[in-house]
Amino acid sequence: MAAGDGIYTAVVPGSLQVHRRLTRYRIRFSDALSNTSLAPFGDDIQSNFAWFTYNGVPAWQGALRPAALAPGNPTPVTTFNAPSQSTIPVYTLIAESSDVLNSQYNGGFNKIRFRGTFVADGVVYDNIEFRNRGQASSYQSGKNKWRFNFNPGYDFHAVDHFGNPYAETWGSFSANANSGPWVPVHKGSLGIEEASSLKLHQLAGVPSPYAHYYQFRVIRDAAEAPAAGTTISNSISESGPVDGQYAGDLWGTYLAIERIKGGFLDSRGLPDGNIYKIEGNGGEIENLVPGQPTDGSDWNAFRNASTAGTAPTETWWRENMDMEAYYTFHAVNRLTGNIDLRRGENHFFYHRVTTDNRWVPIPWDLD
């Protein structure tokens, strides 16, 4: 500490700085009285520090119809150079191959959390948790949805499409696959329908999640980018070896979507309130104001009154629902053709218990 600034420097040999290598470390230190300690400290949920050595995203080759899959009618192999592969943010997950495969393709591990390392914008978030997500659409195609949970005190510093940090850090986020699992499988509009719908809700003044695109890479094997046209033995396939274009780190584009929790309200300057995710006509608590009932009874009472055999009066609706938000919410859903919106499904409700006691609908599941 020659400069007296409390900053210490260690030099790591270049031979250890290998492309795609994750290095975990701890720091043991002592003072002049031989008092020693180890960082991170024992009460820190993050048990180590880490850095990730990476020399840039490589080029990728692929064909719409590889010869191995369509020998009678193959399409040419196209090369996407390295600069083109870095035009959107790159998020990397480093995890055990078996954990990744069980998480994404084994129904026996549906919504089970696994641990891994998440790297984004030059920052390593170690020992995070990941799992698959979704309801009926899970396992319908080769590309499922994900959920990433970060450790308390180590939130994800997400940025928007323009590189601007969001007002609040994210303790977790949902990742949508930008593919339609239904009509037909593996096809979709690259998430445009969801990204644009969320943006339209925002422009119309309806509280709705922020979202941005990213390229997702998963490191679980030694080969980063096997050449297209080569045959790779890869455990991701149930039918045996696959073409190299399907085997490497690249998993394609995904849409990162903000979770609708307490930080959702804070980032928009909205008053604190209870937030419920509506599924099966029930309300799953996502944010609860201190002192509010923990059994969801406010949602149950509102739901029962609004769906009673005797229709509530106009006065009741205006006293209990933010009607401007309600009409705008439904107008945007009609405009975008959101046919998956149903009463009791696929949306959230925000109860402003700290102000006017009205309910506000929030869009969700727009893919």
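Data for the structure
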read-out: Separation in nanometres of the label points that stand 7 Å from Cα toward Cβ, at THR9 and THR354; value: 4.7
read-out: Most to least packed among 304-316, 129-141 [average Cβ atoms within 10 Å]; value: 129-141, 304-316
read-out: Cut-off under 5 Å, modelled amide H: who pairs with ASN287 long-range; value: ILE275
read-out: Trypsin sites (Lys or Arg not before Pro) restricted to DSSP loop in the stretch 20-62 with at most 16 other C-beta within 10 Å; value: ARG20, ARG26
read-out: Mean separation of Cα contacts under 8 Å (6+ apart) over length of the chain, as relative contact order %; value: 12
read-out: Rg(Cα) / (2.2 N^0.38 Å) computed for the stretch 270-363, rounded to two decimals; value: 1.06
read-out: Over the chain, volume per residue of the alpha carbon convex hull, in Å³; value: 201
read-out: Selected from ARG220, ARG115, ARG318 as most flexible by GNM, with the chain as the system and alpha-carbon contacts under 10 Å; value: ARG318
read-out: Point-charge dipole on Cβ atoms (K/R +1, D/E -1) for the stretch 52-259, about Cα centre, debye to 20; value: 460
read-out: Full-stretch length increase - ILE88, SER47 - with 0.36 nm per residue and alpha-carbon distance subtracted; value: 11.7 nm
read-out: Among TYR54, ILE339, VAL242 - extreme Cα towards positive end, dipole of the chain, charges at beta-carbon; value: VAL242
read-out: The chain: antiparallel DSSP beta bridges as a percent of all, rounded to 5; value: 90
read-out: For the stretch 278-367, size of Cβ-based charge dipole, Lys and Arg +1, Asp and Glu -1, in debye; value: 260
read-out: Packing-based order for 52-64, 190-202, using average beta carbon neighbours within 10 Å, highest first; value: 190-202, 52-64
read-out: Largest-first principal axis extents of the Cα set of the stretch 241-293 (Å); value: 56, 29, 15
read-out: Selected from ALA167, SER138, PHE150, residue furthest toward positive end of dipole (the stretch 120-170; charges at beta carbon); value: SER138
read-out: Computed label-point distance, nm, for sites ASP266 and ASN55 using a 7 Å Cα→Cβ extension; value: 4.1
read-out: Compactness of the stretch 52-259, expressed as Rg and Dmax over alpha-carbon positions, Å; value: 17.3, 55
read-out: Helix 297-306 axis, angle to the chain major axis (alpha carbon atoms, nearest 10°); value: 50
read-out: Label-point separation, LEU38 to ILE339 (7 Å along Cα→Cβ), nm; value: 5.9
read-out: Contour excess over end-to-end distance, with Cα ends at THR307 and GLU319 and 0.36 nm allotted per residue; value: 2.7 nm
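No lab work stands behind these numbers, since they all come straight from the coordinates. Predicted model, so just to flag it, every value in this text is computed and none were measured. All Cβ positions, even for glycine, are placed from backbone atoms using ideal geometry, and neighbour counts span all protein chains on display.
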